[in-house]
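Below is one structure, written out as structure tokens; the observations come after it.
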Amino acid sequence: MKSILVIGIGRFGRHLSHRLIELGNEVMIVDKDEENVREFLPYATSVQIGDCTKEEVLHSLGIGNFDICFVCVGTNFQSSLEITSLLKDLGAKRVISKASRDIHVKFLLRNGADEVIDPERDIAEKLAVRYSANNLFDYIELTKDVSIYEIPLADSWIGKSIKEVNFRVRYHVSILATKVGDNVTPMPSADHIFKEEEHLMVMGHHSDVEKILKLIS
């Protein structure tokens, strides 16, 4: 559980806050508009109304007490930039800011953001990879070269164990989990027998996973 501050409740900030609360974090939510924060009154640890471009407002929140501060002000870049900079000046441990353009990313990083996210770009890139490849159900990018992929089984693996297939040595990727429907079994043993209905969650370099996808197709 972490102590998290979310500034700005637009569509992105709303979804982020709901999920952070569901995951058991202590979440303080701040927005200039009372209407935006009203729905969180029964759920959030604390709800505040205020203009976070003003240093006195941020100072009153006790910024140094939060593990992460999210700046989700997407429609006013100047405000996002000011809030990000003020948060770091007030001792924020980690600031993650939302951007909507590449140029915004550069300025936010230069002005104190530890990380900048561009939700539309990120989801577009993920969808492009997912739907460009055959037999790819999902993926999570870890670095530019390494990702976690959800893939089906090759027919030649079914009925054999991970050890028999010699998976890690032959394909140069690691099996993190097996998945049947919504049930995920992490870290299967070398004696695990592949079943037809299973998917695999594998981690590896893009080039190695692409070879596996070609084999499956």
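Of all residues in region 5-46, which are over 23 Å from Leu81 (Cα atoms) and either of a type in the set (A, V, I, L, M) or part of a loop (DSSP other than H, G, I, E, B) (or both)?
First, the residues of region 5-46 that are over 23 Å from Leu81 (Cα atoms): 18-26, 35, 38-46.
Result: Leu20, Ile21, Leu23, Gly24, Asn25, Leu41, Pro42, Tyr43, Ala44, Thr45.
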Could you tell me whether region 190-198 includes any residue that is in contact with a strand residue (DSSP E or B) (Cβ under 7 Å, 6 or more places away or on another chain), surrounded by 11 or more Cβ atoms within 10 Å (Cβ to Cβ) and under 25 Å from Pro119 (Cβ atoms)?
-> no
Does region 186-217 hold any residues that are part of a loop (DSSP other than H, G, I, E, B) and of a type in the set (Asp, Glu), and which are they?
-> Asp191, Glu196, Glu197, Glu198
Sole miss for Thr53 among (1) in a loop (DSSP other than H, G, I, E, B); (2) closer than 25 Å to Glu26 by Cβ; (3) out of contact with any Asp or Glu (no Cβ under 6 Å at 6 or more places or on another chain) is condition (3)
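Read-outs: derived from the displayed coordinates by stated rules, not from any lab. As the structure is a prediction and not an experimental result, all values here were calculated from the model. Cβ atoms come from the backbone with ideal geometry, glycine included; neighbour counts cover every protein chain shown.
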